[in-house]
Amino acid sequence: MESLRKYVAEMIGTFVLVFFGCGTACVVGCDAAIGSGYILTALAFGLVIVAMAYSIGNISGCHINPAVSLAMLINKKLDLKDFLFYVCSQTIGAILGALLLGAFVGVDSGLGANAVYNDKVALSFAIEVILTFVFVIAILGVTSKTENSSIAGLVIGLTLVLVHILGIGFTGTSVNPARSVGPAIIAGGKAATELWIFIVAPLVGAAFAALVYRFLDPVKKEAKKEEAKK
């Protein structure tokens, strides 16, 4: 039952992320020249993370992102079974969020789906890797100490705002395969054919962040020294 609660929490969290984050993008637009819609969309995604972190964080850890779950798996904070069920739950939540959003704004709106920047696949892939690396390494850092628990959700939410402020102008900012899958599957068209980029690139960025943080983490280094002394 405890595991089921975690999976349901991840589904709900990802549903909210897609519905409110992508929904804001559809309603206010993401034109950098205008500015206000651009910033509002970045804030919407970040504020969803803050809201979900303080509501379901104590249940599932509030990953609501397969890339985050992958980083936790690599750093042994999540087992393989939970990883697989987390990813399934997150994907289902994203699809449900996109379906409901489509009922409000119409599938023709694009549902906030991600897109390749000026047909430059390599550049789009690279920016997603970099954005995800920054986002995930911030998560690993702030959640590494229990004394940070009261501010972790805020830090993670603000970091997501940060990567959106840069990334929206390039790809719409994914850093989250589930967030990309939901709108792309429901909207279809070019978004669906380019979807692989927004699945693979965030996973690569997250894996890189997990490995780098394992190398940098002073807590683990001290623990290994203590074990060696014994």
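None of the figures in this text is laboratory data; all of them are computed from the coordinates on show. Note that this is a predicted model, so its numbers are computed, not measured. Please note: Cβ atoms are built from the backbone with ideal geometry, for glycine as well, and neighbour counts cover all protein chains shown.
Give me Cys88, Cys22 ranked fewest to most by other Cβ atoms within 10 Å of their Cβ, as a rough exposure proxy.
Values: Cys88 15, Cys22 30.
Placing the least packed residue first, the sequence is Cys88, Cys22.
How long are the three semi-axes of the equivalent ellipsoid of region 89-180, in whole Å, if each is the root of 5 times an eigenvalue of the C-alpha gyration tensor, listed from largest down?
On the way: eigenvalues 134, 72, 22 Å².
Square roots of five times the eigenvalues give 26, 19, 11 Å.
In whole percent, what relative contact order does region 2-218 give with Cα contacts below 8 Å and a gap of six or more residues?
Working: 368 pairs, mean separation 65.7, N = 217.
Computed value for region 2-218: 30 percent relative contact order.
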Label model pair Phe85, Ala126: point-to-point distance (7 angstrom along the Cα→beta-carbon line) in nm is 4.1 nm
Treating only Lys and Arg (+1) and Asp and Glu (-1) as charged, each at its beta carbon, one finds that the chain has a dipole about its Cα centre, in Debye to the nearest 20, of 740 debye
Ordered by fewest other Cβ atoms within 10 Å, a rough proxy for footprinting exposure, Val200, Val163, Val87, Val68 read Val200, Val87, Val163, Val68
Using the Kirkwood formula on alpha carbons, the hydrodynamic radius of the chain in angstrom works out to 17.5 Å
Excluding near-sequence neighbours (fewer than 8 apart on one chain), region 2-218 holds lysine pairs with C-alpha atoms under 19 Å apart numbering 6
